[in-house]
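Report on the following structure.
The values are calculated or read from the model by the stated rules, or taken from the named source; none is laboratory data. Quantities reported herein were computed from a predicted structural model and do not represent experimental measurements. As a convention, Cβ positions derive from the backbone with ideal geometry for all residues, glycine included, and neighbour counts pool all protein chains shown. For the accessible areas, the whole protein counts, side chains as well, though only heavy atoms, and no ligand, DNA or RNA atoms are used. Shrake-Rupley method; radii C 1.70, N 1.55, O 1.52, S 1.80 Å.
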Amino acid sequence: MNCYEYGFADGRPWLMLSSASSGYEHPLKAIEAMNGHTGPRMIGTHTVTVRNAVAVLNVIGPILRYANSRYVSTEVLALDFRAALDNAAIKAIVLNIDSPGGEASGISELAETIYAGRSKKKVVAYIGGTGASAAYWIASAASQIIIDATALVGGIGAAASFRKPTGPAPIVSRNAPNKRPNLSTEKGRAVVAGPIDALGEFFAQRVARNLGVKPDQLLKMGDHGGTKVGAAAVKAGLAHSLGSLDGLVASLNAGTPFVQSEPVKKAVAPRTAKSNPPVPGCLNRNAPVETTAAPAGPDSLERSVTTDSIWRQRTARRLH
């Protein structure tokens with residue numbers, strides 16, 4: 001029997017770019033080292049730094065479900081976001097994202113918390129490196145997404161990897177064959193694809209709602225699970241504009257609209273020119289005044305009516 005282990009990594013579903021975790025050795029230490037640059041840490045939080053009246057929630061590296069000593073987690077991120085939301089001294093929150101995604105469990109709950117919070121305070125996502133898969137789901141929950149010109153965003157969808165077991169062959173009860181489906185058969189692959197499809201569809205529906213577009217439109221924007229870089233992501237609608245973290249925080253503190261660092265031309269359908277009815281010359285102030293010479297002949301009327309002209313007309317009629 002040709003069986004495969006499945007159920008994603010460690011028996012848990014993940015929403016993350018393939019082999020992307022290797023570039024993040026110890027994200028929590030990286031956040032700790034960032035505190036001097038991004039401002040002091042907010043009291044009572046683990047991932048939030050403060051710059052005047054703006055709180056920066058740092059979402060760095062792979063995202064796990066529960067708190068741990070190495071990686072950020074949806075559990076801690078949710079608590080820290082609520083702390084910033086409830087802090088009267090904070091007027092805006094920036095989600096500083098550089099993550100390939102993470103464990104699917106907990107992402108929807110965190111995204112819903114952010115989505116609800118943006119009605120209370122200004123919440124903007126900034127992607128300076130990677131904002132893919134689960135991390136993009138989180139970013140989409142903000143009211144606006146600003147990205148660096150080299151940022152990689154997208155990866156909307158779910159995937160799973162499978163490997164042949166190296167240990168003893170699994171034996172399942174007759175009443176539960178789908179606990180270990182045979183992936184060498186079409187039926188077995190369909191069993192595994194079911195929950196992956198369901199997760200991917202729910203992912204797309206939530207992100208589409210967050211961005212204010214239809215799910216079918218979102219899949220085209222995101223190149224059906226692909227990723228886009230910088231200006232291409234903005235042009236596709238996956239982000240609102242290009243910019244920097246410092247520029248975004250400065251504009252939020254100043255209370256001024258954020259101006260993107262580099263304008264991006266979005267594809268806009270050409271407008272059809274409307275044909276307006278002609279305006280009569282008597283009503284059109286810009287119409288040129290037409291002047292025509294008076295026809296020659298004794299019966300012609302002179303433009304200048306004078307005593308002499310009247311006398312000449314009378315004389316002409318008498319002669320005829």
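Please verify whether residue 130 is in contact (Cβ under 8 Å) with a residue 24 or more places away in the chain and of a type in the set (Val, Ile, Thr), treating the condition exactly as stated. If you could, list the steps in order and put the result at the bottom.
Working: in contact (Cβ under 8 Å) with a residue 24 or more places away in the chain: yes; of a type in the set (Val, Ile, Thr): yes.
So residue 130 fits the description; yes.
Confirm whether residue 132 is open to solvent by 40 Å² or more (accessible area, probe 1.4 Å), hydrophobic (A, V, I, L, M, F, W, C) and closer than 20 Å to residue 234 by Cβ. The answer is no for residue 132. Taking the range 112-125 as the range and being open to solvent by less than 20 Å² (accessible area, probe 1.4 Å) and either more than 22 Å from residue 65 (Cα to Cα) or within 14 Å of the chain's Cα centre (by Cα) (or both) as the test, the residues that pass are 123, 124, 125. Only a single item in (1) farther than 25 Å from residue 120 by Cα; (2) in contact (Cβ under 8 Å) with a residue 12 or more places away in the chain; (3) open to solvent by 40 Å² or more (accessible area, probe 1.4 Å) is not met by residue 185, and it is number (2). Determine whether the range 143-160 contains at least one residue that is surrounded by fewer than 24 Cβ atoms within 10 Å (Cβ to Cβ), of a type in the set (Ser, Thr, Tyr) and either at pLDDT 95 or above or under 20 Å from residue 52 (Cα atoms) (or both). Yes.
The condition of being open to solvent by 70 Å² or more (accessible area, probe 1.4 Å) and within 19 Å of residue 141 (Cα to Cα) holds for residue 214. Annotation note: Cβ proximity below 6 Å between a residue of the range 223-243 that is within 14 Å of residue 132 (Cβ to Cβ) and a residue that is at pLDDT below 95 and of a type in the set (Lys, Arg) (sequence gap 6+ or interchain) occurs for no pair. If the condition is being in contact with a Leu (Cβ under 9 Å, 6 or more places away or on another chain), in a strand (DSSP E or B) and of a type in the set (Gly, Ala, Ser), then the range 98-130 contributes 101, 102, 125, 128, 129.
Can you find even one residue in the range 234-243 that is open to solvent by 40 Å² or more (accessible area, probe 1.4 Å) and hydroxyl-bearing (Ser, Thr, Tyr)? Checked against the condition, which is being open to solvent by 40 Å² or more (accessible area, probe 1.4 Å) and hydroxyl-bearing (Ser, Thr, Tyr), the range 234-243 yields no hits at all. When the residues of the range 84-111 are filtered to those that are free of Cβ contacts under 8 Å to residues at least 60 places away in the same chain and among the acidic types (Asp, Glu), the one that is farthest from residue 46 (Cα to Cα) is 109. Number of residues in the range 55-97 that are open to solvent by less than 10 Å² (accessible area, probe 1.4 Å), touching a Phe, Trp or Tyr at 6+ places or on another chain (Cβ under 6 Å) and not in a strand (DSSP E or B) equals 2.
Residues being within 36 Å of the chain's Cα centre (by Cα) and surrounded by 10 or more Cβ atoms within 10 Å (Cβ to Cβ): count how many of those fall in the range 161-182.
Narrowing the range 161-182 to residues within 36 Å of the chain's Cα centre (by Cα): 161-163.
From what's left, surrounded by 10 or more Cβ atoms within 10 Å (Cβ to Cβ): 161-162.
Residues flagged as within 36 Å of the chain's Cα centre (by Cα) and surrounded by 10 or more Cβ atoms within 10 Å (Cβ to Cβ) within the range 161-182 amount to 2.
Residue-wise test of (1) within 30 Å of residue 247 (Cβ to Cβ); (2) part of a loop (DSSP other than H, G, I, E, B).
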site: 136; (1), (2): yes, no
site: 145; (1), (2): yes, no
site: 168; (1), (2): no, yes
site: 183; (1), (2): no, yes
site: 204; (1), (2): no, no
site: 208; (1), (2): yes, no
site: 232; (1), (2): yes, no
